[in-house]
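Read the structure below first, then the notes.
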Amino acid sequence: MSEVAGVCDDRFSGVRALLAENLNSGAELGASIAVTVGGVPVVDIWGGWADTEHAKPWERDTITNVWSTTKTVTALAALMLVDRGLLEIDAPVCRYWPEFAAAGKEGVEVRHLLSHTSGVAGWEQPMTMEDMYDWSASTARLAGQAPWWAPGTASGYHPLNFGHLIGELVRRVDGRTLGRFVAEEIAQPLHADFHIGLPSSEFGRVSNVVPPPPLPIDVTQLDPDSIMVKALTGPLPDATVSWTPAWRRAEIGAANGHGNARSVARIQSAVACGGRVDGVRLLSQETIELIFEQQSDGIDLVLGEQVHFGIGYALPSPAATYIPAGRICFWGGWGGSAIVVDTERRVTISYVMNKMGSGLLGSERTAGYVSTIFAALD
């Protein structure tokens, strides 16, 4: 029997029981769940195993690759620069990154990058996962590409290059790399154990992810020139790459953030609480309002689902039925990790695990935990 450790307010006993059930059934290997209300932790639980051999328990400070949940931290970094007046949402990207104007992208705005509507949803082939580690070369390639659709007219999820696009803006405006900015301006002030670019000294705490079942989309049966195929194979993701030192050390703001539910919930509680947590101010309420300016409403050209993107985050969408209506923003990672921010309740909900599930917008486990927590809140 797997023990669930940590603290859990009595009203959320159902989520503790559900985590225990999933750990004991084998649906989960190791996982953590966190909930904050008004910035105060009311759930901070974890359990299971950090390895498939069941030799190393998942502990309080265990971290893992959270995949696209990373994007919400990357988006927060950009919004902080907006808040400081250093980056304008409606400005063309080429104001800050002149080379990006190439190949018909002079009209692409900062908001288009943050809302997956830029038309630059991936790299033109050939492109490997390892190619992403060369920041200068990989961002130069993005700057030189033509958009795959008219920018601003539709969303097309940017699976692996979102962090390079936003990260290069951060570097051009602030002078620091994305990983350093996140460390110095977000993680350290909030005492949040989250990293984009993991130091080798922290490798011993990492629980390797267990690769998921195949994607529900068989890209080999689709038109290789379609936007969906180009984005999902540019480059083709391989979960086992996250086990490598090179991946961990790289700064891939779309997909290689390392943390746990506590650290993700802590960071995003700034959005839930009007921009300030425990005296640390990251955003103004005015900038938080930008998140909720809906930028897309149709079928996403890459995900094939109806997703409503705001600025930097998704908004309640038909494709994620476990997210209730309201002033909520969210996103998650490949395999099921998730962060949900409810600004009306001043709540954050985060789930991070090592055993990846199926689905593109959360797994069945994600939906179960989030639904149970919202039921307790109501």
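Assorted remarks:
- Charge dipole magnitude, Cβ of K and R +1, D and E -1 - the stretch 4-377, Cα centre, debye nearest 20: 640
- DSSP-assigned coil residues among GluC sites (Glu not before Pro) in the stretch 1-76, each with at most 13 further Cβ atoms within 10 Å: GLU3, GLU53
- Residue-by-residue Karplus 3J(HN,Hα) for the stretch 5-22, coefficients 6.51, -1.76, 1.60, Hz, glycine and proline x: 9, x, 10, 8, 4, 4, 5, 9, 4, x, 6, 4, 5, 5, 4, 4, 4, 5
- Close amide H contacts of PHE309 (hydrogens built in the peptide plane, cut-off under 5 Å, sequence separation of 5 or more or a different chain): GLN295, SER296, LEU315.
- Charge dipole (debye, nearest 20) of the stretch 243-378; +1 at Cβ of Lys and Arg, -1 at Cβ of Asp and Glu: 660
- Here the calculated FRET efficiency for GLU124 and GLN221, from their Cβ-Cβ distance with R0 = 30 Å, stands at 0.90, rounded to the nearest 0.05.
- Ordering SER207, SER242 from the fewest to the most neighbouring beta carbons within 10 Å gives SER242, SER207.
- Listed values for the stretch 111-126 are Karplus-derived 3J(HN,Hα) couplings in whole Hz (6.51 cos²θ - 1.76 cosθ + 1.60, θ = phi - 60°), namely 4, 5, 5, 6, 10, 6, 10, 7, x, 10, 8, x, 8, 5, 6, x, and x replaces Gly and Pro.
- Separation of the stretch 73-136 from the stretch 178-218 is 21 Å, based on Cα centroids.
- For the pair ASP278 and ASP61, label points projected 7 Å from Cα toward Cβ lie 1.6 nm apart.
- Beta bridges per DSSP with both ends in the stretch 4-377, % antiparallel, nearest 5: 95
- Nonlocal amide H pairs with LEU87, under 5 Å, H built at 1.01 Å: VAL82
- For GLU28, the residues 5 or more places off, or on other chains, whose built amide H falls under 5 Å of its own are LEU23.
- Among MET356, MET129, MET228: highest mean-square fluctuation, GNM of the chain, C-alpha pairs under 10 Å: MET129
- On the principal axes of its alpha carbon atoms, the stretch 102-153 extends 31, 20, 17 Å, with the longest extent given first.
- Each residue of the stretch 168-174 is assigned a 3J(HN,Hα), and the resulting list reads 6, 4, 4, 5, 5, 7, 9 Hz, derived from the Karplus form 6.51 cos²θ - 1.76 cosθ + 1.60 (θ = phi - 60°), x at Gly and Pro.
- Residue among PHE374, GLY333, ALA319 farthest towards the positive dipole end of the stretch 312-378, charges placed on Cβ: GLY333
- In the stretch 311-378, the convex hull through the Cα atoms has an average projected area of 4.3 nm², a quarter of its surface area.
- For the chain, built as a Gaussian network whose Cα springs stay under 10 Å, the top-fluctuating residue of ALA137, ALA319, ALA367: ALA137
- Among the listed values [x] 1.26; [y] 0.91; [z] 0.98, the one computed from these coordinates for Cα Rg over 2.2 N^0.38 Å is [y].
Bear in mind these aren't lab numbers, they're just calculated from the coordinates by the rules spelled out. This one's a predicted model, so the numbers in the text were calculated from it and none came from an experiment. Cβ coordinates were reconstructed from backbone atoms using ideal geometry, including for glycine residues, and neighbour counts include every protein chain displayed.
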